[in-house]
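Structure first, commentary second.
The values are calculated or read from the model by the stated rules, or taken from the named source; none is laboratory data. A quick note: this is a predicted structure, and the numbers were derived from the prediction, not measured. Heads up, the Cβs are rebuilt from the backbone with ideal geometry, glycines too, and the neighbour counts pull from every protein chain shown. Heads up: the accessible areas ignore ligands, DNA and RNA and are worked out on the full protein's heavy atoms, side chains in. Shrake-Rupley method; radii C 1.70, N 1.55, O 1.52, S 1.80 Å.
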Amino acid sequence: QVQLVESGGGLVQPGGSLMLSCTVSGIFDSASFIDWYRQAPGRQRELVASITRFRETTYAASVRGRFTISRDIFRNTVQLQMNNLKPEDTAVYYCHAQDGTDDYWGQGTQVTVSS
């Protein structure tokens, strides 16, 4: 059974850090890539960062240099380390995986950056 379960969201002050984790069951090794998306109220869902099976990474321009995506093959997780957070990073963050032509999504985790 395929499952993507996110954790690690919360409230943080501007300039702070959070680490999100996505535990992937069923397709961790076969997924072409695993991504983090986010969606703020009233805005479209946007790609934040992506990592392939070969650990190639891509980032949205708005987070490059502040966020780092990585894979932990022992825990079947993909992590998103978020540093120097800004109020505009406030959103629900979703884990996504693509395996062949199939797309899978997690339930989302809220990140709020506010003083």
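Annotations
- Net length gained if the chain between residue 64 and residue 45 were fully extended (0.36 nm per residue, minus Cα distance): 5.1 nm
- Virtual spin-label span in nm between residue 86 and residue 30, 7 Å along Cα→Cβ: 4.0 nm
- Mean Cβ count within 10 Å, highest first, over the residues of peptides 97-106, 75-84: 75-84, 97-106
- Rg ratio (alpha-carbon, reference 2.2 N^0.38 Å) - the stretch 1-41: 1.45
- For 33, 74, 54, the ranking by accessible surface with the largest value first comes to 74, 54, 33, using a 1.4 Å probe.
- Label point at residue 102 placed 7 Å out along Cα→Cβ; residues across the stretch 38-79 whose backbone nitrogen lies under 19 Å: 53, 76-78
- Volume of the convex hull of the stretch 71-115 (Cα atoms only), normalised per residue: 102 Å³.
- Packing here is the average count of other Cβ atoms within 10 Å per residue, and on that basis the peptides 35-42, 21-28, highest first, run 21-28, 35-42.
- Residue 2 paired with residue 75, simple spin-label distance in nm, labels 7 Å along Cα-to-beta-carbon: 2.4 nm
- When the alpha carbon gyration tensor of the chain is reduced to an equivalent ellipsoid, its three semi-axes come out at 23, 14, 13 angstrom, largest first.
- Remark: C-alpha extents of the stretch 22-90 on the principal axes read 33, 24, 17 Å, sorted largest to smallest.
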